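K.L.:
So that we are looking at the same thing, I have put the structure below in structure tokens.
The values are calculated or read from the model by the stated rules, or taken from the named source; none is laboratory data. As the structure is a computational prediction, the values presented were derived from the model and not from experiment. Using ideal geometry, Cβ is built from the backbone for each residue, glycine included, and neighbour counts are taken over all protein chains shown.
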Amino acid sequence: MTRFVHRIVIVVPAARQAAANALAQQIDPVGGDKTFTVPLSPTGALPATHYWCATSATVEGKGHILSAESAAKVARWTPRVFIDTDPETVLATMGLKRITTTVRG
């Protein structure tokens, strides 16, 4: 049985993307600085109003993420952390859509 028992989705305001990535890097020194790169907006078009990430976590990992959430609140910004919630439900709850772009070559 897997140790990764939680699905976690985190949404941060676009204005806090850099701070959220810095906090994520404390948890994951290898790639945490690139955690919040998927843009969201109410219309699904630019500009991004939010960024999000999704991950699987162990019980211990969930604790680290919730500690990071607490640290963000102390810094006076609040990420939205959803535990064991389907990503589509997260989008609907927050009134957001993925921003899709076309790569032209």
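K.L.:
Quick one: which helices (runs of 4 or more DSSP H) sit completely within region 1-97 and have at least 2 residues that are at pLDDT 85 or above and in contact with a Phe, Trp or Tyr (Cβ under 9 Å, 6 or more places away or on another chain)?
P.N.:
Those helices (runs of 4 or more DSSP H) span 17-27, 87-94.
K.L.:
So, in region 23-39, exactly how many residues are under 16 Å from Trp77 (Cβ atoms) and touching a Leu at 6+ places or on another chain (Cβ under 8 Å)?
P.N.:
Qualifying residue count, region 23-39: 0.
K.L.:
Let me ask you something else. Report, ordered by the first and then the second residue, all pairs with beta carbons closer than 8 Å, sequence separation of six or more or different chains, a first member in region 19-34 that is touching a residue at least 12 places away in the same chain (Cβ under 8 Å) and within 14 Å of Ser67 (Cα to Cα), and a second member that is assigned to a helix (DSSP H, G or I) and of a type in the set (D, E, K, R).
P.N.:
Ala24/Asp33
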